[in-house]
Amino acid sequence: MGLDLLCIGLTTLDVVARPIDRLPEREQTVMVEGIEIVPAGTAAGAAMVAGALGVKVGLAGAVGDDRKGRFVRQALAETGVDVGLLETIPGQPTSTTVLAVDSEGRRPAFHALGASHRYELTPAAQDAAKAARFVHWAGVGSRNLDRGPGEALLAAAKAAGATVTCDLISPGPRALEELTRLLPHVDWFLPSAVEARALSGEDDLDRAAAFFRGLGCGGCIVKNGREGSLVGLVERTVSLPAHAIVPLDTTSCGDSYCAGFVAALLRGFDPVEAARFATATAALVAQGLGTLGKLESFEATLNAMRTLPIHEAA
């Protein structure tokens with residue numbers, strides 16, 4: 001039996017600390033409230049959140065043959081993620097990001113390239129994608145996944161009956177070219193508002209969502225932080241407000257939104273209600289450090305969706 005969800009693409013280790021409002025001078029020590037070390041990345045972060053929500057999820061990506069890679073593998077497995085398709089690349093370090101989150105939630109990052117950027121699709125990953133109910137593509141910008149391999153995998157998964165979702169991470173100059181290949185095989189494209197505006201050239205998010213639907217995706221959901229999200233369907237567009245929370249760390253909110261959306265669709269929610277559940281998922285993650293934040297379970301997230309206050313205007 002196949003997976004409910006297969007996430008493919010960026011897999012990193014995040015080291016998150018807050019609050020860091022200034023860099024210490026010379027060898028001075030500055031006390032902070034918390035530090036977290038956790039698997040992350042557009043694919044691994046979404047997979048970890050999905051696992052915490054009870055989804056039967058697997059991850060196809062790569063880590064290095066180092067201590068960091070072993071930690072990422074173990075932490076994902078402990079959260080219920082099937083890591084059988086997570087490759088280990090000899091001689092490569094695990095891709096790692098250090099995030100210095102300040103008191104206002106801003107998060108300058110320091111990233112070291114590594115194994116994830118060298119990942120290549122394996123026959124086993126291709127077979128798993130064709131057997132999965134959902135495939136979450138988080139590989140745009142990867143040197144071995146762009147310009148054909150990703151398009152071929154998504155086309156095969158879609159033809160086999162999978163629902164395909166797609167997210168971005170720091171899209172580069174060729175991202176729009178790659179999306180033109182991918183989106184005809186994508187059911188749900190979930191960019192951030194910054195990404196949507198930059199790639200579409202449209203400041204208005206309704207028009208930006210329509211631009212991507214014009215490239216072939218079935219629906220486009222634009223994630224817009226504390227302003228909420230815009231759910232662009234074929235027949236209508238719905239603006240959803242964010243929850244009124246005090247965010248601690250928003251690093252993995254986009255990834256958690258994607259995972260929450262898929263988890264809710266798997267439970268039979270319609271797309272708008274699934275987006276509401278995704279909003280609650282991201283709100284729980286934002287209230288703690290790292291990929292999971294204060295996320296506990298599907299049931300607790302459903303309760304948060306029903307009880308957390310929301311901003312008055314979307």
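Restricting I8, I37 to residues that are surrounded by 16 or more Cβ atoms within 10 Å (Cβ to Cβ), farther than 22 Å from P171 by Cα, among the aliphatic types (A, V, I, L, M) and touching a Phe, Trp or Tyr at 6+ places or on another chain (Cβ under 8 Å) narrows the list to I37.
Taking segment 217-314 and the helices (runs of 4 or more DSSP H) fully enclosed by it, the elements with 2 or more residues that are more than 17 Å from the chain's Cα centre (by Cα) are at 271-286, 298-307. Looking only at segment 25-36, decide whether some residue is touching a residue at least 40 places away in the same chain (Cβ under 8 Å) and under 20 Å from the mean Cα position of the chain (by Cα). Scanning segment 25-36, I find at least one residue that is touching a residue at least 40 places away in the same chain (Cβ under 8 Å) and under 20 Å from the mean Cα position of the chain (by Cα), so the answer is yes.
Scanning segment 236-295 for residues that are of a type in the set (D, E) and surrounded by fewer than 21 Cβ atoms within 10 Å (Cβ to Cβ) gives D270, E273.
Could you pull out every one of the strands (runs of 3 or more DSSP E) wholly within segment 87-199 that has 1 or more residues that are surrounded by fewer than 19 Cβ atoms within 10 Å (Cβ to Cβ)? Give the derivation first.
On the way: elements: 96-100, 109-112, 134-138, 163-166.
Result: 96-100, 109-112.
Among the residues of segment 37-86, just one is assigned to a strand (DSSP E or B) and more than 19 Å from the chain's Cα centre (by Cα), namely G64. Figure legend. Inter-residue proximity from segment 190-213: first residues modelled with pLDDT of 95 or more, second residues of a type in the set (D, E, K, R) and crowded, with 23+ Cβ neighbours inside 10 Å, beta-carbon distance below 8 Å, spacing 6+ or different chains. Indicated pairs: L190/D167; L190/K223; P191/D167; P191/K223; S192/K223; A193/K223. Quick check on segment 210-233. Is at least one of its residues under 26 Å from L99 (Cα atoms), of a type in the set (A, V, I, L, M, F, W, C) and exposed (fewer than 15 other Cβ atoms within 10 Å of the Cβ)? No, segment 210-233 contains no residue that is under 26 Å from L99 (Cα atoms), of a type in the set (A, V, I, L, M, F, W, C) and exposed (fewer than 15 other Cβ atoms within 10 Å of the Cβ).
The values are calculated or read from the model by the stated rules, or taken from the named source; none is laboratory data. Given the structure is predicted, the values throughout are model-derived calculations rather than measurements. Please note: Cβ atoms are built from the backbone with ideal geometry, for glycine as well, and neighbour counts cover all protein chains shown.
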